[in-house]
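The values are calculated or read from the model by the stated rules, or taken from the named source; none is laboratory data. Here the structure is a predicted model, which means the values were calculated and not measured. So basically every Cβ, Gly included, is an ideal-geometry build from the backbone, and we count neighbours across all protein chains shown.
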Amino acid sequence: MPVYTALQAADPDAYNALLGEMRRQQDGVELIASENYISPAVLEMMGTVFNNKYSEGYPGRRYYGGQEFTDIVETLAIERARKLFGCQHVNVQPHAGCPANVAMYFALMEPGDCVLGMDLGHGGHLSHGHPVTYLTKIFKFVRYKMKDVETGELDYDEMRAVALRDKPKIVLAGFSAYPREVNYAKMKAIADEVGATAVADMAHIAGLIAGKALRNPFEDGFDVITTTTHKTLRGPRGGMIMCREAELGKKIDKMVFPGFQGGPIMQMVAAKAVAFGEALKPEFREYAKQIILNSKHLAKFFMDNGAKLITNGTDNHLMLIDCVRSWNMSGNDVERLLDRVGITLNKNMIPDDPRKPMDPSGVRLGTPAITTRGMKEKEMETLGGFILKAIEKRADDGAIENLHEEVIAWCRKFPVPGVSV
């Protein structure tokens, strides 16, 4: 295992918690669609002395001295991201995905302006204007949904009608629990018709786009892409904003700093550079392709065994299962049951869910992390079998304990990068 002698000596309690998390990751199956494992190289860069440096400003335009090497790593991250996504401008400083979206909103709009985004209940994200967020006190958010939950097709006619009525300044594509691919060309046409900026929040599928496994919104004329840098992109936790044209990037830069954030978290910016370098390699394209192959195979396995999937399948890395219709269980019950056998996923609302967010009808699961561990289609059937067996034997504590031991033994055949316990 990695050596943490200084931590062990200085803080045994924190050290033991770290060891526990390492064991949990190695001995369990990670199916949360927004999680992944970073490489040892990315992990190493995150723990470097770049942490010690304040770097307000941008490469060549800093407010403090001593920026020779911070400029190098930030420029590396920017140039690699531009190459990955085919755009003119990149800001790699946002601390996370939500701050990236907030900076984007304030760069492109004035208070009171309107955003047209996906309804949370149909797969959207909190930062796309859910009423519980503070953003709704500043901007007006209107929403679109799926036209047909059985296929996942978005209602582009209704989207256009809402855009013509409310005249949004931003037409926003993006999601956190939507299993299908968006028709970016149709959304761009709607944005153009009402004079809006076409923005895509690709936090979940950025790695699949970078790996050429899914369509790039820039190819259909989208103006801006926001994203996290973890998830399918397999980098450190952080955010990023990309612009198809450099001129728009000037507004973004001013709003990220000094408009919204202070100094960048420079060790994370450096780790982004390392991750983007990995994503430029041919192996990453094979990885992105395998994520989708695994997702489709696992979805088919569930459907072949009687489970009800929202949209009846998937085009990307994730799927949403209606647990009530599939197994007469709530999503919360399924999440807790699978925790007991070392399989981690998350409860999730389904479209127009009659249940509450903390006890919804569905679960969301995805294949990025298990694909990183080298699992392929054959393993999807084994994994699906574990899940169905847990559900079948849920009232038998002894059977659940035995299944957990079986899952642990299976997981140890697939090492987690950077973890050895």
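Spot the failing condition for Phe414; the list is (1) assigned to a helix (DSSP H, G or I); (2) under 24 Å from the mean Cα position of the chain (by Cα), and only one is missed.
(1)
Filter the range 294-338 for residues that are in a loop (DSSP other than H, G, I, E, B) and of a type in the set (A, V, I, L, M, F, W, C); which is surrounded by the fewest Cβ atoms within 10 Å (Cβ to Cβ)?
Looking only at the range 294-338, we keep the residues that are in a loop (DSSP other than H, G, I, E, B), and these are 305-307, 313-317, 328-330.
After this cut, where a residue has to be of a type in the set (A, V, I, L, M, F, W, C) as well, the list is 307, 329.
Details: Ala307: 20, Met329: 17.
Applying the filter and picking the extreme gives Met329.
Could you check, for the range 255-262, whether at least one of its residues is under 30 Å from Ala103 (Cβ atoms), of a type in the set (Phe, Trp, Tyr) and not assigned by TED's automatic domain parsing to the domain that holds Gly221?
Among the residues of the range 255-262, not one is under 30 Å from Ala103 (Cβ atoms), of a type in the set (Phe, Trp, Tyr) and not assigned by TED's automatic domain parsing to the domain that holds Gly221, which makes the answer no.
For residues in the range 5-51 being among the acidic types (Asp, Glu) and in contact (Cβ under 8 Å) with a residue 40 or more places away in the chain, which is nearest to Pro368 (Cα to Cα)?
Once the filter is applied, the top-ranked residue is Glu35.
Within the range 387-411, restricting attention to residues that are small (Gly, Ala, Ser) and under 29 Å from the mean Cα position of the chain (by Cα), which residue is farthest from Asp333 (Cα to Cα)?
Let us first name the residues in the range 387-411 that are small (Gly, Ala, Ser), namely 390, 395, 398-399, 409.
From what is left, the residues that are under 29 Å from the mean Cα position of the chain (by Cα) are 390, 409.
Numbers: Ala390: 12, Ala409: 25 Å.
Looking at residues that are small (Gly, Ala, Ser) and under 29 Å from the mean Cα position of the chain (by Cα), I get Ala409.
Of all residues being touching a helix residue (DSSP H, G or I) at 6+ places or on another chain (Cβ under 7 Å) and surrounded by fewer than 21 Cβ atoms within 10 Å (Cβ to Cβ) in the range 121-131, which is farthest from His317 (Cα to Cα)? Just the residue, please.
Of everything passing the filter in the range 121-131, His130 is farthest from His317 (Cα to Cα).
Please go through (1) touching a helix residue (DSSP H, G or I) at 6+ places or on another chain (Cβ under 7 Å); (2) more than 23 Å from Gly221 (Cβ to Cβ); (3) among the aliphatic types (A, V, I, L, M) for Ile138 and return the number of the only condition it doesn't satisfy.
Of (1) touching a helix residue (DSSP H, G or I) at 6+ places or on another chain (Cβ under 7 Å); (2) more than 23 Å from Gly221 (Cβ to Cβ); (3) among the aliphatic types (A, V, I, L, M), only one is false for Ile138: (1).
Just the residues that are without any contact (Cβ under 8 Å) to a residue 60 or more places away in the chain and either touching a Cys at 6+ places or on another chain (Cβ under 9 Å) or among the acidic types (Asp, Glu) (or both), please, taken from the range 204-246.
Matches in the range 204-246: Asp220, Asp223.
Go through the range 219-243 and count every residue that is farther than 16 Å from Ser176 by Cβ, buried (at least 21 other Cβ atoms within 10 Å of the Cβ) and not β-branched (Val, Ile, Thr).
Adding up the residues that qualify gives 9.
From the list Gly174, Gly235, which residue is at pLDDT 95 or above, in the same structural domain as Arg82 (by TED's automatic domain parsing) and either within 22 Å of Asn346 (Cβ to Cβ) or of a type in the set (Gly, Ala, Ser) (or both)?
Selected residue: Gly235, the only one of Gly174, Gly235 that is at pLDDT 95 or above, in the same structural domain as Arg82 (by TED's automatic domain parsing) and either within 22 Å of Asn346 (Cβ to Cβ) or of a type in the set (Gly, Ala, Ser) (or both).
Examine the range 68-81 for a residue that is more than 21 Å from Ala279 (Cα to Cα), free of Cβ contacts under 8 Å to residues at least 40 places away in the same chain and among the polar types (S, T, N, Q), and state whether such a residue exists.
Among the residues of the range 68-81, not one is more than 21 Å from Ala279 (Cα to Cα), free of Cβ contacts under 8 Å to residues at least 40 places away in the same chain and among the polar types (S, T, N, Q), which makes the answer no.
Return yes when Lys147 is farther than 30 Å from Pro236 by Cβ and touching a helix residue (DSSP H, G or I) at 6+ places or on another chain (Cβ under 8 Å) and no when it is not.
For Lys147, the condition - farther than 30 Å from Pro236 by Cβ and touching a helix residue (DSSP H, G or I) at 6+ places or on another chain (Cβ under 8 Å) - is met.
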